[in-house]
Amino acid sequence: MITDANGRVDAARYVASGNCDERPPGEAITLLVIHNISLPPGEFGGDAIERLFTNRLDCAAHPYYAALAGVRVSAHFLIRRSGELLQFVPCGKRAWHAGESVWRGRRGCNDFSIGIELEGADDVPYAEAQYHVLAELARALRAAYPVSDVAGHSDIAPARKTDPGPSFDWTRFRGAIDQEPLAK
Ligand SMILES: [Zn+2]
């Protein structure tokens, strides 16, 4: 995987989202934030996540979606259960994924982070393909930006968020990204 000058990853299917803006001038990208999402919660497949992140979700289509009316959010990336990688926002822009958050004393983690969603739920094991693609993506992003930390949404907003949940294997993920990048 290669990240271009605008912060687009070549291996991703690009679906442009407007739920982003400019990062503060001179802000360095130092944090990766791991999330999970499934719509409706606990159900995988379909295109509802893609629709939510691009403001095209039919909020009448499911009772749970009523609470999402008018919500403007997007991560930079989504990794589906199959391992398919989607990108919604170039890394150079500030995607609206973290909300009110703090990491190592700094508020507003959207300013200095990249948000990566895994299609999943807190208590359902993630797919092998997702770990593989996540590790490849994290390595590509570390090669492009001065990333020094990886955190869960639950780490930066502990009072509000539980994702990626106990089902996410941090030991496995950290081990995978600490390896040298695979030779092309
Ligand atoms: Zn989250």
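The values are calculated or read from the model by the stated rules, or taken from the named source; none is laboratory data. All figures in this text were calculated on a predicted structure; none of them were measured in a lab. Cβ: placed from backbone, ideal geometry, glycine included. Neighbour counts: every protein chain shown. Note: accessible area is taken over every heavy atom of the protein model, side chains too, but ligands, DNA and RNA are not part of it. Shrake-Rupley method; radii C 1.70, N 1.55, O 1.52, S 1.80 Å.
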What number of residues in the range 77-104 are under 20 Å from Val15 (Cα atoms) and touching a residue at least 60 places away in the same chain (Cβ under 8 Å)? 16
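Listed here are the residues, each with its yes/no results for (1) within 16 Å of the ligand (Cβ to nearest atom); (2) of a type in the set (A, V, I, L, M); (3) under 17 Å from the mean Cα position of the chain (by Cα).
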{"position": "Asn36", "(1), (2), (3)": "yes, no, yes"}
{"position": "Arg51", "(1), (2), (3)": "no, no, yes"}
{"position": "Pro63", "(1), (2), (3)": "no, no, no"}
{"position": "Ala75", "(1), (2), (3)": "yes, yes, yes"}
Conditions (1) open to solvent by 30 Å² or more (accessible area, probe 1.4 Å); (2) within 30 Å of Pro25 (Cα to Cα): number failed by Ala98: (1)
Selection from the range 131-151 of residues that are open to solvent by less than 70 Å² (accessible area, probe 1.4 Å), closer than 20 Å to Leu86 by Cβ and not hydrophobic (A, V, I, L, M, F, W, C): Tyr131, Glu136, Arg139, Tyr145
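Checking the condition among the small types (Gly, Ala, Ser) and within 15 Å of the ligand (Cβ to nearest atom), which residue from Gly105, Gly120, Gly175 passes? Reasoning before the result, please.
Values: Gly105 fails: within 15 Å of the ligand (Cβ to nearest atom); Gly175 fails: within 15 Å of the ligand (Cβ to nearest atom).
Result of the check over Gly105, Gly120, Gly175: Gly120.
Which one of these is among the β-branched types (Val, Ile, Thr) and not in a loop (DSSP other than H, G, I, E, B): Val124, Val150? Show your work before the answer.
Values: Val124 fails: not in a loop (DSSP other than H, G, I, E, B).
On inspection, the qualifying residue turns out to be Val150.
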If Arg160 satisfies all but one of (1) within 14 Å of the ligand (Cβ to nearest atom); (2) open to solvent by less than 10 Å² (accessible area, probe 1.4 Å); (3) of a type outside the set (Asp, Glu); (4) assigned to a loop (DSSP other than H, G, I, E, B), what's the number of the condition it fails? (2)
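Go through the range 31-84 and count every residue that is open to solvent by 20 Å² or more (accessible area, probe 1.4 Å), among the hydroxyl-bearing types (Ser, Thr, Tyr) and farther than 16 Å from Gly18 by Cβ. Give the derivation first.
Going residue by residue through the range 31-84, those that are open to solvent by 20 Å² or more (accessible area, probe 1.4 Å) are 36-37, 41-47, 50-51, 54-64, 66-73, 80-82, 84.
Those still in the list that are among the hydroxyl-bearing types (Ser, Thr, Tyr) too: 54, 64, 82.
Of the ones still in play, those that are also farther than 16 Å from Gly18 by Cβ are 64, 82.
Qualifying residue count for the region: 2.
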